[in-house]
Amino acid sequence: MDISVIGSGYVGLVTGVCFAELGNKVICVDSNKEKIAKLKRMVMPIFEPGLEELIRINVKAKRLFFGTEIKQAVRNSGVIFIAVGTPSKDNGEADLTYVEDVAKEIAKYIDCYKLIVEKSTVPVETGKWIEYTVKANLPFGRGVKKNFVKFDVASNPEFLREGQAIEDFMHPDRIVIGVESKKAQEILTFLYKPLKAPIVVTDIKSAELIKHASNSFLATKISFINAISQICCRVGADISKVADGMGLDKRIGRSFLDAGIGYGGSCFPKDVDAFIRLSEKAGYNFSLLKEVKNINEEQKNSFVSLIEHHLWILKDKTIGILGLAFKSGTDDMRNAPSIDIIKKLQLEGAKIKVFDPRANLKAKEFLKDVEFCKDPYEVAKDSDCLAIITEWNEFKELDFIRIKKLMKQPLVFDGRNIYNPDKMRKMGFKYFCVCRIPKND
Ligand code: UDX
Ligand code: UDX
């Protein structure tokens, strides 16, 4: 099929490339001319494992193209995915300005049947607004009669985890398509057939809600285990053992039960806020989700308090931060817990040294007055403590004998529970993590 993807960010680019890999002809469009220029020069605007190779293969096979013109994309494709950003407004609502702008643009160039698909995470009823906007901007006159419906709208939410997005696209647990016509259903069913995954066919509103409800449930699961970790700390239980014991119950499942410094990223914080607001507008007070958000904020604060408790005065102390991205496997700094944690430490007068294997460059847009280091050992040099913020595998293989010699004192705060408490203590570190008990305590 001929497909266009409008908005070539983390979601749009992966979606476009994977559809090309499945044999479709795809044009990825973006209003950011620099981003498109980079992609045409094979310079990746984002880090996502496996993405660069897939882009090279599909550009070479003439299945994948990049552009900035929506007109060209609409005219040359039968299926148009909207994957532009849906950032949060100050009041937490999803800002759908870009979605509306793109819907208007698409409408202007519709010259035959098109299927317009919401890929971006949008509040329920956005599909209805897209349909209204496109209808209101159809190019009547040039052979397009008022009553001739030349398009359908569908919802096809993504469930891509950054750092595993290609794997998640190619091997999804399920595909959700929200459609209002048989034709739209046939097109999307055909498009996703090669993935041989369960396809959930619903109306558009239900598909939009599945996305918000899924992300909010995952965020709820994380805040739940983080709340349990707070209880473990107070009663002397081991959160990793509790999570293991809970997770073996098939009804609960072990994934998303890793206690840490809280969730971040471009989705959970934004989608939880949007769902709370959307619920309020529908007349329901989603108090559970509000508490999920509160617990998430509290988890970052309690990590800062742990550091303060053991460093006593933070002023003029040097704190080494390992990891900045909101999770390992990505360079994405959007709503990364590191940003709030570093700001809180700086407010107390601490000096901050940082290193992230992938996000150092992007982090410069989010952090001020920090010393960016080239590796974990430079961070450790003359630091009063080390704080693990992102669970990069390379931090699991550090030479701790060398680290210990470089630091002012052997003090480690592990916000992601990536180290073995016994081993760290045997190497002579004062080691604190998210509520786990060393065996020989
Ligand atoms: C974002 C949201 O984070 C996600 O929840 C939603 O499902 C899809 O949009 P992401 O790909 O991470 O996903 O956003 P981002 O990386 O910001 O990419 C959005 C792209 O859209 C940007 O490259 C931006 O330049 C582009 N864009 C935005 C357009 O092409 N046209 C516009 O009018 C606005
Ligand atoms: C999420 C959803 O998983 C994905 O389906 C949706 O399409 C987009 O949002 P993503 O935000 O890329 O994906 O990352 P994810 O792996 O879900 O982690 C989200 C946050 O939760 C990260 O900050 C991560 O560190 C945190 N997390 C995750 C935990 O704190 N504990 C866990 O057990 C799992």
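Picking from LYS62, LYS71, which residue would you name as being at negative phi and open to solvent by 50 Å² or more (accessible area, probe 1.4 Å)? Even if it seems obvious, please write down each step before you answer.
Values: LYS62 fails: at negative phi.
Exactly one residue qualifies, and that residue is LYS71.
Would a scan of region 26-33 turn up a residue that is more than 16 Å from ligand 2 (Cβ to nearest atom), open to solvent by 50 Å² or more (accessible area, probe 1.4 Å) and under 22 Å from the mean Cα position of the chain (by Cα)? Within region 26-33 (the criterion being more than 16 Å from ligand 2 (Cβ to nearest atom), open to solvent by 50 Å² or more (accessible area, probe 1.4 Å) and under 22 Å from the mean Cα position of the chain (by Cα)), the answer is yes, since at least one residue qualifies.
Here SER77 meets the list (1) of a type outside the set (Lys, Arg); (2) in a helix (DSSP H, G or I); (3) in contact with a strand residue (DSSP E or B) (Cβ under 8 Å, 6 or more places away or on another chain); (4) open to solvent by less than 10 Å² (accessible area, probe 1.4 Å) almost entirely, failing just condition (2). Of the candidates ASP316, ASP340, the single residue that is open to solvent by 50 Å² or more (accessible area, probe 1.4 Å), on the phi > 0 side of the Ramachandran plot and without any contact (Cβ under 8 Å) to a residue 60 or more places away in the chain is ASP316. For region 78-98, filtered to residues that are out of contact with any Lys or Arg (no Cβ under 8 Å at 6 or more places or on another chain) and hydroxyl-bearing (Ser, Thr, Tyr), the residue that is nearest to ligand 1 (Cβ to nearest atom) is TYR98. Of the residues making up region 227-234, at least one is charged (D, E, K, R), more than 30 Å from ILE175 (Cβ to Cβ) and at pLDDT below 95.
Just so you know, in region 249-266 the residues that are within 11 Å of LEU218 (Cα to Cα) and surrounded by 15 or more Cβ atoms within 10 Å (Cβ to Cβ) include one that is nearest to ligand 1 (Cβ to nearest atom), and it is TYR263.
Please go through region 96-114 and give me each residue that is among the aromatic types (Phe, Trp, Tyr) and within 27 Å of the chain's Cα centre (by Cα), ordered by number. Show your work before the answer.
Narrowing region 96-114 to residues among the aromatic types (Phe, Trp, Tyr): 98, 109, 113.
Selection gives TYR98 alone.
Within region 360-393, being of a type in the set (Ser, Thr, Tyr) and either under 18 Å from GLY329 (Cα atoms) or open to solvent by 50 Å² or more (accessible area, probe 1.4 Å) (or both) holds for one residue alone: THR390. Please indicate, with yes or no, whether at least one residue in region 88-108 is within 16 Å of ligand 2 (Cβ to nearest atom), touching a residue at least 12 places away in the same chain (Cβ under 8 Å) and more than 22 Å from GLY178 (Cα to Cα). Yes; the residues of region 88-108 include at least one that is within 16 Å of ligand 2 (Cβ to nearest atom), touching a residue at least 12 places away in the same chain (Cβ under 8 Å) and more than 22 Å from GLY178 (Cα to Cα). If only residues of region 267-299 that are closer than 13 Å to ALA219 by Cα and among the aromatic types (Phe, Trp, Tyr) are counted, the one that is nearest to ligand 2 (Cβ to nearest atom) is PHE268. Residues in region 297-346 that are in contact with a Leu (Cβ under 8 Å, 6 or more places away or on another chain) and small (Gly, Ala, Ser): GLY320, ALA336, SER338. Contact annotation: residue pairs with Cβ atoms under 9 Å, 6 or more positions apart or on different chains, pairing a residue in region 6-24 that is closer than 19 Å to VAL43 by Cβ and open to solvent by 10 Å² or more (accessible area, probe 1.4 Å) with a partner that is more than 7 Å from ligand 1 (Cβ to nearest atom) and in a helix (DSSP H, G or I), are TYR10/ALA165. Figure legend. Inter-residue proximity from region 59-75: first residues touching a residue at least 24 places away in the same chain (Cβ under 8 Å), second residues basic (Lys, Arg) and open to solvent by less than 50 Å² (accessible area, probe 1.4 Å), beta-carbon distance below 8 Å, spacing 6+ or different chains. Indicated pairs: VAL74/LYS114. Every listed requirement among (1) away from ligand 1 (no atom under 16 Å from the Cβ); (2) open to solvent by 30 Å² or more (accessible area, probe 1.4 Å); (3) under 21 Å from TYR10 (Cβ atoms) is met by ASP101 save one, (1).
Among the criteria (1) within 22 Å of ASN156 (Cβ to Cβ); (2) surrounded by 14 or more Cβ atoms within 10 Å (Cβ to Cβ), the one TYR132 does not fulfil is (2). If the condition is being farther than 17 Å from THR390 by Cβ and acidic (Asp, Glu), then region 250-268 contributes no residue at all.
The values are calculated or read from the model by the stated rules, or taken from the named source; none is laboratory data. Just so we're clear, the structure is a prediction, and the values are computed from it rather than from any experiment. Here the Cβ is made from the backbone with ideal geometry for all residues, glycine too, and neighbour counts use every protein chain on show. In case anyone asks, the SASA skips ligands and DNA or RNA and just uses the protein heavy atoms, side chains included. Shrake-Rupley method; radii C 1.70, N 1.55, O 1.52, S 1.80 Å.
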